[in-house]
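Everything on this sheet refers to the single structure shown next.
The values are calculated or read from the model by the stated rules, or taken from the named source; none is laboratory data. Treat the numbers as computed from the prediction; the structure is a model and nothing was measured. Ideal geometry is used to build each Cβ from the backbone, glycine not excepted, and the neighbour counts take in all protein chains shown. Protein only, heavy atoms only, side chains kept; ligands, DNA and RNA dropped before computing areas. Shrake-Rupley method; radii C 1.70, N 1.55, O 1.52, S 1.80 Å.
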Amino acid sequence: MNIKTILENIVNDNILHAKWLNTLSYMENAGAKKISASEHKENVNLIILKHAAEEHRHAYYLKKQLDKLDGDLCKTYTNNELLAPNDTKFYLNALDVAVCRYLKQHFNLHGYELKFAAYLFVTYAIEVRADELYPVYQDVLTASGSKVTVKSIILEEEGHLEEMLNQLKTFSEDWEKHAELVIKIEQDMFHSWMQNLNKQIA
Ligand SMILES: [Fe+2]
Ligand SMILES: [Fe+2]
């Protein structure tokens, strides 16, 4: 299964492309809400505020890109306006639950500490994914001459990955070992998401 081929098939079909943009917007919005939900009541730094604001912007920006496609499509996040809606809606929560379980076992964390550690590792995995997926999508957009662009998102996601790396380094000395495992969990989820998405568009 080749991600680029899947994205080419999507971009070549106006309705599928609209649903894809809407699906990415949904994911970004879910990510933004997750970041805000993991905030401490008082101890909120600039990086967390910036990160939540930018993920919200991505959700809005992707929704706005729909104006560039014909048909006035995908006004809401209902299932028939998303690709692989079940996977799309469960992905982030399922990843969060799996990572929380892992962190509980290995760091014996609870309450806010656990929430914050999960924010670090889950967001890290998502930023790695974003840094892989958006550039492939942009290449497909450019090659097809589409008016849609995600260049501004790519720039900000690169910044996020950098910020998550810095935070992880201060969280634990052997963060890399744990991050690798979290990446593995995310990869499995991403592949089943892509598989179901591919089935839907075939
Ligand atoms: Fe984002
Ligand atoms: Fe991000």
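For this structure, a couple of remarks:
- In a reduced charge model with +1 at each Lys and Arg Cβ and -1 at each Asp and Glu Cβ, segment 3-201 shows a dipole moment near 540 debye about its Cα centre.
- Whole-percent carbon and sulfur share, accessible surface of segment 127-202, 1.4 Å: 52 percent
- Alpha-carbon geometry of segment 1-110: the Rg and the Dmax are 16.7, 52 Å, given in that order.
- Accessible surface, the chain, averaged per residue in Å² (probe 1.4 Å): 52 Å²
- Fraction of alpha-carbon pairs over 19 Å apart in segment 70-174 - percent: 60 percent
- For segment 1-74, GluC sites (Glu not before Pro) meeting the loop criterion (DSSP other than H, G, I, E, B) and having at most 11 other Cβ atoms within 10 Å: Glu42.
- Degrees between helix 46-65 axis and first principal axis of the chain (Cα, 0 to 90, nearest 10): 10 degrees
- Here Lys147 is the anchor, and the lysines within straight C-alpha reach of less than 26 Å, apart from those fewer than 8 places off in the same chain, are Lys4, Lys19, Lys63, Lys64, Lys68, Lys75.
- Accessible surface of segment 1-85, 1.4 Å probe: 53 percent of it comes from carbon and sulfur atoms.
- Volume of the Cα convex hull of the chain, divided per residue and given in Å³: 115 Å³
- Degrees between helix 111-144 axis and first principal axis of the chain (Cα, 0 to 90, nearest 10): 30 degrees
- Once exposed loop trypsin sites (Lys or Arg not before Pro) are cut out (DSSP; at most 13 other Cβ, 10 Å), longest piece of the chain: 76-146
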